[in-house]
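The values are calculated or read from the model by the stated rules, or taken from the named source; none is laboratory data. In this text the structure is predicted, and so the values were computed from the model without any measurement. Don't worry about glycine lacking a Cβ; one is built from the backbone with ideal geometry, like all the others, and counts go over all protein chains shown. SASA here: full protein model, heavy atoms, side chains in, ligands and nucleic acids out. Shrake-Rupley method; radii C 1.70, N 1.55, O 1.52, S 1.80 Å.
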Amino acid sequence: MTGRSRWLVILAAGLAAFLAAGTGSYLYAHDLRAGQVTQSCGARACIPGVKAPALLDALKGRGHECEDASGVWLCEMVVGSIGFQARVNVSDGGVHRLTGTVFHADGDPLTEAGLAYLTWFAVLPYRDDPAATAQIRDWLTTMIEADKDTQATILDYAYVLVTSKDDAVQLDIRIPT
């Protein structure tokens, strides 16, 4: 096995462990929305049950370095030649917008770990609804495989997927105002 192959195997194993270990932390078993698709958080509508401090602690606990820029947290992590970035827009402790970006070197295609990272963001608003999460996963996978910039409205959330950048794939989830 060459040095590059060994690093790719280590990267893939590390990312798989990161995603598997972090899933429970991300799903927040408390205060779930009970059919509600938004909740008030100050002057904004936010994702029910997603508390910014818990989300940021989970990201930090999995290796992200986070910095606050006036209510918009930017969390970044680099594993090998892949960069992961989460932008979390916060209001009164709630989350009203999420952006997940996966940067990949040399125009390489999105890896399975990158797809899993973006999928986690995509299903977060509907984490309690297995049918909705399955549909969102299918939609996201199809659009990424088609290498197609697109947007969709799913219940109260706007999903914007950008695949046209040479070195990144970005998914933005927000509640239209």
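Annotations
- Annotation note: Cβ proximity below 7 Å between a residue of segment 72-101 that is on the phi > 0 side of the Ramachandran plot and a residue that is buried (at least 19 other Cβ atoms within 10 Å of the Cβ) and of a type outside the set (A, V, I, L, M) (sequence gap 6+ or interchain) occurs for D92/C41; G93/C41.
- Cβ-Cβ under 6 Å pairs, at least 6 apart or on other chains, segment 103-119 side under 17 Å from V160 (Cβ atoms), far side open to solvent by 40 Å² or more (accessible area, probe 1.4 Å): T119/R137
- One residue stands out in segment 136-153 among those that are among the β-branched types (V, I, T) and without any contact (Cβ under 8 Å) to a residue 24 or more places away in the chain: the one that is least open to solvent (accessible area, probe 1.4 Å), namely I136.
- Set side by side, the residues E76, E112 differ, and just one is more than 19 Å from I175 (Cα to Cα) and loosely packed, with under 13 Cβ neighbours inside 10 Å, which is E112.
- When F103, F121 are checked against the criterion of being in contact with an Asp or Glu (Cβ under 7 Å, 6 or more places away or on another chain) and either at pLDDT below 95 or part of a strand (DSSP E or B) (or both), a single residue qualifies: F103.
- Set side by side, the residues G83, G94, G100 differ, and just one is surrounded by 13 or more Cβ atoms within 10 Å (Cβ to Cβ) and farther than 30 Å from S40 by Cβ, which is G83.
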